Each structure stands twice: as C-alpha cells, then as structure tokens.
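> What follows is a structure written as structure tokens; I'll ask about it next.
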Amino acid sequence: MQIGFEFPPLEKGEITHTQLVRYAGASGDFNPIHTVVPYAEEVGLDGVIAHGMMIKGFIGHAIGKWCGVENLLRFSTRFRSMTRPGERIVITGKIVGETAAFWKCEAQAVNEQGEVKASAKFEVKK
C-alpha cells in the first residue's frame, strides 16, 4: 500500500426504521428522535434520524475489513449531517500519509447523493 491508495467501498445498504429500533436496543440509546416518528416531528426533525454512533460503527466495520481491527491504533469521527431511514450509506477510505510505523488514513460515510454523513481519521500499523 502507498499514499493515495483507496480502500474498496463498503456498501451498508438502506437505513430502515427497524434497524434504528434494533440499534437503540443494542446500544441502550433510547432517545425518541431515533425511533418515534411523531416525537421527532414534534421537535422539528421531519422524522426520525439514525444514531450518529451507528454511522460511526459503519465506518469502524469498514476499517476492520480493510485493515484488521488488530492493526487499528487511533480512530476519530466527526459527524457532518443527519442520516434518515431510506438513505443508502457507502463507506470510502484512503491512505493520506505515513510514518515509519503506521499509515494515516481517512474515511467517510456518504449517501447516494454524495452527502457526507460522517468523516473519520484513523491510523493503522503497517
């Protein structure tokens, strides 16, 4: 691998309401903006939104497939925009730098319109 190398995209498919309910149960995050449509609409969201940490988990899944979790040294994420049921998410990533011991990489979760939902920086052992 070298600087500029692009990892193969990982398609996570369409976000569903059922997926949000299941994630709420698994994560313990029962904020109703993620699962209760009338509540989300009442607070001005035009419907439920996906958990940001679920999207971060998608990026983490991609990193694990690309590099192996045993090689991950650092991983940080910045949330960019809300994700809603019906959107299809794809994770892309590339190597942007290196040291003698590790690769510096970036990744992002985007929908089918190219809207960035979350971006990440991570470092993995060479």
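The values are calculated or read from the model by the stated rules, or taken from the named source; none is laboratory data. Predicted model only: the values in this text are computed from it and were never measured. Cβ: placed from backbone, ideal geometry, glycine included. Neighbour counts: every protein chain shown. Surface accessibility is based on the protein's heavy atoms, side chains included, excluding ligands, DNA and RNA. Shrake-Rupley method; radii C 1.70, N 1.55, O 1.52, S 1.80 Å.
> Among (1) within 29 Å of VAL124 (Cα to Cα); (2) among the aliphatic types (A, V, I, L, M); (3) modelled with pLDDT of 95 or more; (4) more than 13 Å from the chain's Cα centre (by Cα), which single condition is MET54 missing?
Exception for MET54: condition (4).
> Here's a check for you: in the stretch 74-98, which residue that is open to solvent by 70 Å² or more (accessible area, probe 1.4 Å) and either of a type outside the set (D, E, K, R) or in a strand (DSSP E or B) (or both) is farthest from LYS12 (Cα to Cα)?
GLU98
> Can you tell me how many residues within the stretch 99-113 are outside any strand (DSSP E or B), farther than 17 Å from ILE55 by Cβ and open to solvent by less than 70 Å² (accessible area, probe 1.4 Å)?
Summing the residues that are outside any strand (DSSP E or B), farther than 17 Å from ILE55 by Cβ and open to solvent by less than 70 Å² (accessible area, probe 1.4 Å) in the stretch 99-113 gives 2.
> If the requirement is being touching a residue at least 24 places away in the same chain (Cβ under 8 Å) and over 23 Å from LYS104 (Cα atoms), which of these qualifies: GLY25, GLY47?
Matching residue, one of GLY25, GLY47: GLY47.
> Looking only at the stretch 59-73, how many residues end up being outside any strand (DSSP E or B) and either open to solvent by 20 Å² or more (accessible area, probe 1.4 Å) or farther than 13 Å from GLN108 by Cβ (or both)?
Here the count works out to 10.
> Moving to a separate point now. In the stretch 26-65, which residues are of a type in the set (Gly, Ala, Ser) and over 22 Å from THR77 (Cβ atoms)?
Residues satisfying the conditions are ALA40, GLY44, GLY47.
> Quick check on ARG78: is it without any contact (Cβ under 8 Å) to a residue 60 or more places away in the chain and under 11 Å from the mean Cα position of the chain (by Cα)?
Judged against the criteria, ARG78 is a match.
> Inspect all residues belonging to the stretch 19-41 and state whether any of them is at pLDDT 95 or above, β-branched (Val, Ile, Thr) and under 30 Å from MET1 (Cβ atoms).
No; the residues of the stretch 19-41 include none that is at pLDDT 95 or above, β-branched (Val, Ile, Thr) and under 30 Å from MET1 (Cβ atoms).
> Failed condition for MET53, given (1) open to solvent by less than 70 Å² (accessible area, probe 1.4 Å); (2) part of a helix (DSSP H, G or I), with all others met?
MET53 satisfies all of (1) open to solvent by less than 70 Å² (accessible area, probe 1.4 Å); (2) part of a helix (DSSP H, G or I) except (1).
> The conditions are (1) open to solvent by less than 80 Å² (accessible area, probe 1.4 Å); (2) of a type in the set (D, E, K, R); (3) touching a Lys or Arg at 6+ places or on another chain (Cβ under 9 Å), and ASP29 fails exactly one of them. Which is it?
The one condition ASP29 does not meet is (3).
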